[in-house]
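The structure under discussion appears below in the form of structure tokens.
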Amino acid sequence: MTERQAYVVDLPEDESYSGSAKGEPGKSFERIWDAPQGVRHLSSVSHRVVGKRFLVTGFVFFLIAGFLALLVRTQLIVPDNTFLDSETYNQVFTMHGTIMMFLFAIPMLEGFAVHLIPLMVGARDLVFPRLGAFGYYCYLFGGIIVLSSFLFDAAPAGGWFMYVPLSTSTYTQDLSADFWLIGITFAEIASVTAAVEIIAAILCTRAPGMSLAKMPILMWYLLVTAFMIAVGFPPLIIGSILLEAERLLGLPFFEVALGGDPLLWQHLFWLFGHPEVYIIFLPAAGMVATMLPTFVGKPLFGYGFAVAAVVSMGFLSFGLWAHHMFATGLPVMSLTLFSAASTMVAIPTGVQIFCFLATLAEGRPRMSVPMLFILGFLFIFVLGGLTGVMVAAVPFNLQAHDSYFVVAHLHYVLIGGFVFPMFGALYYWMPQFTGRMMSETLGRWVFWLMFIGFNLAFFMMHLTGLRGMPRRIASYPEGLGWDRLNMLSTLGSYILAAGVLLFVFDFFRHRRHGTQAPRNPWGAATLEWLYPPIPPGFNFHAIPEIRSREPLWDQPELMDRPAPEIDGALRPCTDHRRETMGNDPITGAPLQIVRLPHPTWVPLITAFGLALGFGATLASLYWLVAVGFAIALAGFTAWVWEPSDSGVLRDSGLGDLRLPVNVVDPRSHLHFAVVGTMMISAALFASLLFAGLYLWNTQPHWAETTPPAAPLEAGLALGVSIVVFLLGLASHRAAFTAKVTPVIVIDLGLALGSAALGALLFMSIRTVDPYGSAYAAVGWALFAFVAGYLAVAIYWSLVNALRKAVGAVKPGQMLPNLLIATYAKVVAIMGGMTAAAYLLAGGAA
Amino acid sequence: MTRLTYAIAKPVLLWALHFALIYALISAACAPRALLTQEVLVVTAAVLTLTAATLQIFWLWRTSSNGDSEPQSSDELLLRRAAWWTALISLIATLANLMPVLILPGCQG
């Protein structure tokens with residue numbers, strides 16, 4: 001056996017750990033997958049339940065933010081209006097943007113992803129159901145925190161971008177900015193956990209035979225989106241933590257008088273903010289690419305082109321962030337670089353749009369309601385893309401900056417690029433959620449009201465902007481040529497809102513009176529329509545082998561018999577556990593059987609603990625913060641203290657193929673999750689390093705006058721980081737050995753090494769006053785960041801050692817050592833880089 | 001298939017690295033610390049771009065020709081097509097990264 005191969009123990013089935021420690025003998029397959037009823041429904045972790053929760057909650061936030069938008073438009077309907085005072089107006093437009101971007105768009109796409117991924121790739125559930133449920137509760141509690149600011153008359157009023165210095169405690173003395181920073185950062189936990197989950201689910205739990213090239217195109221879009229979230233959200237998380245630390249602790253990250261720089265906030269915000277637009281747009285485009293072939297009756301034109309386009313957009317969209325900062329005085333050469341990249345991203349976007357148009361040209365599309373929304377998307381988004389090319393040009397951008405032209409552009413992109421496809425997707429996949437069809441007639445009314453209302457509202461804004469009307473003003477004098485245009489925009493917004501309300505009416509109507517959806521009601525080609533869409537608790541009795549990208553069109557054996565009779569993997573429910581197939585990430589060949597958790601309260605309790613901690617921070621009740629985080633820690637411990645099911649072989653149901661359960665292999669879904677988590681961690685760390693480098697480069701005086709960290713301790717820390725890295729390598733090898741007890745030494749060594757590394761880094765930086773300069777504060781932030789990761793390494797290593805010591809780990813069950821190995825190696829690199837930064841940075845002592 | 005999957009990501013990863021380096025060079029030359037002169041900026045950026053573009057052209061050639069001339073599955077052909085297009089898009093975008101440095105006479109245009 002080589003190191004790359006799985007360590008499995010082929011024991012007879014009556015051996016003590018060859019079954020399942022947490023099976024539910026006596027329960028049938030259907031009962032095992034049943035969602036719990038009553039109040040216990042809150043303990044459900046099924047992707048069907050969690051996905052619907054995301055969608056419903058996201059849509060409620062959409063309605064709230066839409067209502068706020070109507071308040072804005074009502075205020076602007078006539079000149080010199082006094083409907084809202086300027087402070088309330090600021091709160092309303094800030095909360096509109098904040099809710100739409102953070103609490104509606106991202107969670108909606110997460111809802112679609114959580115619900116659809118398992119059904120489309122042939123899995124019985126998402127790969128980490130508890131993580132999905134935990135993410136949802138974090139999002140819900142974070143959203144409630146942000147929204148509750150209205151109750152305390154402390155709604156954020158500084159714009160959805162929270163620019164400094166306006167949002168520092170000097171200029172925003174109440175708690176409004178804290179509500180934003182804490183609530184949004186908390187809600188973002190859902191986004192990053194979703195990223196990890198999406199990556200691992202798509203790469204590791206596909207149906208047998210579903211290679212990367214046979215995945216539904218939406219999976220490519222979601223995969224790229226998940227990687228973008230993993231890299232794109234960390235700069236904002238770091239920026240928010242730094243700003244909250246400045247507000248709460250007085251650390252001078254953005255304080256000009258102490259070498260800070262307000263532009264640093266803008267860089268961190270837009271490093272997130274621009275990719276965010278693509279993070280919202282790409283899944284919506286993926287849904288269009290999924291729906292379009294159904295209504296045309298032909299496969300998507302240029303699957304390979306679309307893959308190239310989406311991968312290219314995923315990267316190129318990161319080179320655009322400073323085009324939101326063209327008017328801030330950056331060097332013209334920098335502006336031109338970002339202008340060039342902004343223009344270049346139009347190439348893959350165009351390739352993708354032409355794929356859609358060519359697909360349309362392949363057949364005569366059925367003009368059902370989702371198809372109307374697809375056409376609406378194409379019309380509106382292309383216009384938004386074209387004005388995007390206009391504002392990518394520096395001279396035009398400077399002219400249009402902060403005018404209503406930009407408001408028009410961004411709404412054409414976001415409503416065209418996300419809201420229209422989302423409504424199409426809701427109509428298309430509604431049978432999956434409710435088992436019933438929505439009304440075609442009402443749907444057409446919804447579309448036309450939204451389409452006409454939208455264009456009336458926002459096309460006018462191009463003209464208002466070109467006539468010089470600035471954004472974010474609460475009123476305007478009459479006679480400047482803006483009156484009639486604003487009136488039309490407001491009327492358009494009311495028509496748009498009427499369309500949305502009609503959709504809501506139809507939603508409630510169809511729950512009672514909608515026709516029952518038949519099996520595959522649209523005649524689609526993708527796997528989610530394999531079963532009749534009357535929602536069962538489970539996805540697949542047997543997971544079919546996949547030989548085509550359009551399985552329901554090309555594999556007759558899938559549609560010529562009742563779905564429960566279709567042949568496939570894992571039909572026997574031997575161990576009475578929820579389980580699904582695990583695959584090789586590239587080829588889709590079967591690799592393992594993945595055991596999935598049953599309903600549990602742990603995600604809710606853990607998220608509640610965190611919410612308590614975050615909420616109590618707002619109220620400055622620090623004892624309650626400690627209680628909250630203690631609850632969360634207890635929750636995480638209960639989460640990880642699971643009996644292992646690794647190390648056993650089971651029949652797969654595919655011929656004679658026997659597969660290991662929860663395999664110890666770098667291709668394991670858990671290992672992919674750790675890799676994804678460390679990618680997020682590396683992006684967080686890189687954001688902090690960027691902050692340090694930025695201040696070093698733009699504020700050289702402060703960098704030179706900040707005292708250096710202690711070099712001896714920093715040098716020793718560098719050495720210890722190498723030791724921790726080597727221990728990570730040893731832990732990797734140990735995961736594949738048969739002897740359990742000796743590995744305890746490696747676990748304890750990792751804990752000790754991590755503690756030593758943290759202590760040495762502290763000894764090195766302790767002489768530097770964090771309040772002395774922004775540069776010094778970033779040095780301390782680096783220490784705090786690495787120390788947090790080291791604390792997790794210590795805790796995790798000790799848990800691993802304890803589990804071995806009490807006999808909870810048997811040969812073949814040392815997957816946690818493989819996982820912590822990757823974690824420890826990345827943390828060691830981050831610790832080593834911090835030590836190196838301490839050695840190199842700083843000026844006169 | 002694994003090689004082809006990496007072939008899709010490699011060119012755009014190289015673009016990202018190239019973009020970051022050009023941004024860093026411009027920042028080094030144009031920020032108050034002024035680490036680089038204009039001449040050093042132009043020469044370094046040109047060398048970096050030449051290197052990156054050469055690699056991307058090589059990948060473009062490699063994905064356009066079936067080097068090992070063995071019959072390929074439809075999956076492989078599809079991934080090869082995706083890799084060719086990402087290489088092409090990345091090449092154009094990499095050249096675009098250099099344009100500001102070549103065209104503008106100085107940091108402030």
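Cα-Cα over 20 Å: which of A:Lys214/A:Lys298; A:Lys739/A:Lys804; A:Lys804/A:Lys825; A:Lys22/A:Lys739?
Checking Cα-Cα distances, A:Lys804/A:Lys825; A:Lys22/A:Lys739 exceed 20 Å.
Counting only other chains, what is the mean number of Cβ atoms within 10 angstrom of the Cβ of each residue in peptide A:346-353?
2
With every protein chain left in place, what is the accessible area of A:Cys573 in Å² (1.4 Å probe, nearest 10)?
Estimated to the nearest 10 Å², A:Cys573 gives 30 Å².
What is the spin-label model distance, in nm, from A:Ala808 to A:Leu729 if the labels are put 7 Å beyond Cα along the C-beta direction?
That separation, rounded to one decimal, is 3.1 nm.
Averaged across the residues of A:325-336, what count of C-beta atoms belonging to other chains lies within 10 Å of each residue's C-beta?
Average per residue, whole number: 5.
Given the C-alpha centroids of region A:162-219 and region A:692-741, what is the distance between them in whole angstrom?
So the separation of the two Cα centres works out to 27 Å.
Based on the Cα atoms of the protein assembly as shown, what semi-axes does the equivalent ellipsoid have, where each is the square root of 5 times one gyration tensor eigenvalue, given in whole Å with the largest first?
40, 37, 29
Probe radius 1.4 Å, ligands and nucleic acids left out: which of A:Trp641, A:Trp160 has the largest accessible area, and how do the rest follow?
Highest to lowest solvent-accessible surface, that is A:Trp641, A:Trp160.
Based only on the alpha carbon positions, what is the Kirkwood hydrodynamic radius of region A:685-840, in angstrom?
16.2 Å
Put A:Tyr136, A:Tyr795 in order of accessible area, largest first, 1.4 Å probe: what do you get?
Ranked from most to least accessible, the order is A:Tyr795, A:Tyr136.
Out of B:Ala31, B:Ala20, B:Trp85, whose Cα points farthest toward the positive end of the dipole of chain B (charges: +1 Lys, Arg; -1 Asp, Glu; placed on Cβ)?
Going by the charge dipole, the pick is B:Ala31.
Cβ neighbours within 10 Å, averaged per peptide: list A:43-49, A:438-444 in order, most packed at the top.
A:43-49, A:438-444
Just check region A:508-662 against the gyration tensor rule for me: Cα atoms, a ≥ b ≥ c as the square roots of the eigenvalues, rounded for a/c under 1.5, and otherwise prolate or oblate depending on whether a/b exceeds b/c.
Cα axes put region A:508-662 in the oblate bin.
Starting from the residue with the highest accessible area, list A:Val231, A:Val288 in decreasing order, probe 1.4 Å.
Heavy-atom accessible area, descending, gives A:Val231, A:Val288.
Between helix B:38-64 and chain B, what is the angle of the helix's C-alpha long axis to the longest principal axis, kept within 0 to 90° and rounded to the nearest 10?
10 degrees
Heavy-atom accessible area of A:Asp402 with all protein chains present, probe 1.4 Å, nearest 10 Å²?
60 Å²
Carbon and sulfur: what percent of chain A's accessible surface (1.4 Å probe)?
Answer for chain A is 69 percent, counting heavy atoms of protein chains only.
Hey, can you list the DSSP H helices of chain A whose Cα span along the axis is 30 Å or longer and whose average Kyte-Doolittle score is at least 1.6?
Counting only whole DSSP H runs, the qualifying helices are A:176-204, A:217-249, A:369-392, A:743-765.
May I ask you to order A:643-650, A:245-252, B:40-47 by the average number of other C-beta atoms within 10 Å around their residues, highest value first?
A:643-650, A:245-252, B:40-47
With label points built 7 Å along Cα→Cβ from the Cα atoms of A:Leu712 and B:Ser65, find their separation and express it in nm.
Rounded to a tenth, the inter-label distance reads 6.2 nm.
Rank by packing, highest mean first: peptides A:691-701, A:233-243, with packing defined as the count of other Cβ atoms within 10 Å averaged across residues.
Packing proxy ranking, top to bottom: A:233-243, A:691-701.
For B:74-81, what's the mean count of beta carbons from other chains sitting within 10 Å of each residue's beta carbon?
Average per residue, whole number: 5.
How many angstrom lie between the Cα centre of region B:1-44 and the Cα centre of region A:425-476?
40 Å
Give the calculated FRET efficiency between B:Ile57 and A:Val389 to the nearest 0.05, with a Förster radius of 22 Å applied to their Cβ-Cβ distance.
Efficiency at R0 = 22 Å is approximately 0.25.
Can you give the accessible area of A:Arg366, probe radius 1.4 Å, in Å² rounded to 10?
110 Å²
Sort by residue number and name the cysteines in the protein assembly as shown that have no neighbouring cysteine Cβ under 4.7 Å.
Lacking a cysteine Cβ partner under 4.7 Å: A:Cys138, A:Cys204, A:Cys355, A:Cys573.
The values are calculated or read from the model by the stated rules, or taken from the named source; none is laboratory data. Because the structure is a prediction, the values reported are computed rather than measured. Positions of Cβ are generated from backbone atoms using ideal geometry, with glycine treated the same way; all protein chains shown enter the neighbour counts. Quick note on the areas: whole protein, heavy atoms, side chains included, nothing else; ligands and nucleic acids left out. Shrake-Rupley method; radii C 1.70, N 1.55, O 1.52, S 1.80 Å.
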